[in-house]
Structure formats: structure tokens, C-alpha cells
1. Give the residue that is modelled with the lowest pLDDT, with candidates limited to residues of segment B:60-76 that are β-branched (Val, Ile, Thr) and surrounded by 15 or more Cβ atoms within 10 Å (Cβ to Cβ).
2. Report, by residue number, each residue of segment A:118-131 that is in contact with an Asp or Glu (Cβ under 9 Å, 6 or more places away or on another chain) and either at pLDDT 95 or above or surrounded by fewer than 18 Cβ atoms within 10 Å (Cβ to Cβ) (or both).
3. Can you name the condition, by its number, that B:Ile57 falls short on among (1) assigned to a strand (DSSP E or B); (2) open to solvent by 60 Å² or more (accessible area, probe 1.4 Å)?
4. Please identify the pairs in which a residue from segment B:72-86 that is away from chain A (no Cβ under 14 Å) has its Cβ atom under 7 Å from the Cβ atom of a residue that is open to solvent by less than 30 Å² (accessible area, probe 1.4 Å) and among the small types (Gly, Ala, Ser), counting only partners at least 6 apart or on another chain.
5. Take the residues in segment A:98-117 that are open to solvent by 20 Å² or more (accessible area, probe 1.4 Å) and farther than 17 Å from A:Arg69 by Cβ; name whichever of them is nearest to the other protein chains (Cβ to nearest Cβ).
6. Only one of these is on the phi < 0 side of the Ramachandran plot, among the acidic types (Asp, Glu), open to solvent by 10 Å² or more (accessible area, probe 1.4 Å) and in contact (Cβ under 8 Å) with a residue 24 or more places away in the chain: A:Glu23, A:Glu94, A:Glu51. Name it.
Amino acid sequence: MEFKEMINLERIRINVEAKDWKEAIQKVGELMIKTQCVYESYINAMIRVAEKLGPYIVITPGVAFPHARPEDGVIKPCFAIITLKEPIEFGNPENDPVKMVIGFAALDDKQHLNALQTLVDILSNRELVEKMMNSKTEQELFNYLKHYI
Amino acid sequence: MQTKRLKILAVCGMGLESSLVLKMTIEKALKELNLEGEVTTADIVTAKGAGFDADIIITSNELAQQLGEIKVPIVTVKNYVNVQEFVEGIRKVLNI
């Protein structure tokens, strides 16, 4: 499963409004449901994982990475990205507040590794992450990813 | 250059994608340090048992506390994708 097969313009939304971290995960999950990547159960599973792991899903400053298990309702591997209109606290003192949420769904351990590797490469480029967070349109954010496709 | 293959265990809360992200950053850090190593992933519960088989454990601050007292040196990281933070942490525990 390559990176370009897992993300498309339909699964990117910028300046999303959310009152708390749960709603932020809900909103990113809705994009995954709308594009037939996961069942509704996956959203609740992502929230449960975040409740259990709490702060650990904020893997780099300003970026939350909610995910759950394949059996929690994944139809096809994908990820979705939202940027938040107002940054939200997820409870991670080092990496809060969160400005961008990347919902991730995988089917098994190996299939999605290429795509995850690409995502890690992107997130380790701080300049690029800042640009993504500050994108004015969905297309602009998608264009930053295109360099990696 | 060290010839011994390091065994590194990446630990996250559930052993899902987050520990894979850790693993990928660890592999980049090893490359930068010119070290050979094998990186495995585990959730916190498994790690408490399997951890003893590793040379180094890499995890977050909070999870490190949950691991309790173990003999394996632990590198704690804040930013899961910051290669430099990992490089420095590994250097510190290996004294290189």
C-alpha cells in the first residue's frame, strides 16, 4: 500500500472547528467514514485508544495521530488530515497544543508500512509540518504531500 | 564503529502505529550513528516481560515510569519523529 493510495483531497479539511480533543478525532474520523475507509465503530475505537494512551498520540509538537486496531472497523487502509481553527489541548505538556490531526487506519502490520514511513519522513521535516498546519486551502495542504507521492 | 548488533525495543501504549513510528525514527538514528541494530516493537504490558532481552528501550516519559524498575537502559523521547533527539538519547546510554 503506497502513500498516494491512502490519502486524497477528500480526506483533507482545513480550519475545522472542534471544542475538544474528542470532537477533533470525531471530525477526522468522519472524513474516513465518508470515503468508505472505516466503519463508524473505528471513531469510537480511536477515542478509546486516545483515552487510554492520552498524551502519547501527540507524537510531535502540534500533531495528534489517532489510530486504533484493524479489527476495530477498517475497510481499507487510509489516513485523513484536518487542521484545527483553534489549537486544542490533548494533555501532552511537551507537544500541545494540537493544530493538526492525522487519523490513521491500517489493515495489517506490513501492508501499510511504506505509507507510514513516508508519513514519518514528512512529519520529521518541521518546516513542512508548519506549512501544512498553516495551509489556507485543502489543495495547498495536499500539494505539500504531493512531493512525496 | 561498533560491530555488535544492538537490540532495541520500541514501546508504546498498545503496540500499534505509534511504536512503528518510534521504530522508523530509531532506524534513522542508528543509521546516523553508524550502528547496526534490530528494532522490535511492543506494547507496555509485553515490554515489562520482553524488555529484559533488549540492550536499550525507547519510549515516552510517562510510559518509562510505568515500566518500573528494570535493568535495561531506557531512552525517553518527547518527539517521536525527531531523529536528533533519538541520536542524542542513544549516544547518552551507550556513552559514545
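The values are calculated or read from the model by the stated rules, or taken from the named source; none is laboratory data. Computed from a prediction, not measured in an experiment: that's the story for all the values here. Neighbour counts run over all protein chains shown; Cβ positions are idealised from the backbone, glycine included. All accessible areas refer to the heavy atoms of the entire protein, side chains included, with ligands and DNA or RNA removed. Shrake-Rupley method; radii C 1.70, N 1.55, O 1.52, S 1.80 Å.
1. Step by step, filter segment B:60-76, then rank; the result is B:Val72.
2. Residue satisfying the conditions is A:Lys131 alone.
3. The single condition B:Ile57 does not satisfy is (2).
4. Here the result reads B:Val72/B:Gly51; B:Val72/B:Ala54; B:Ile74/B:Ala64; B:Val75/B:Gly89, each pair linking segment B:72-86 to a residue that is open to solvent by less than 30 Å² (accessible area, probe 1.4 Å) and among the small types (Gly, Ala, Ser).
5. Among those residues, the one meeting the criterion is A:Gln117.
6. Just a single option satisfies the conditions, and that option is A:Glu94.
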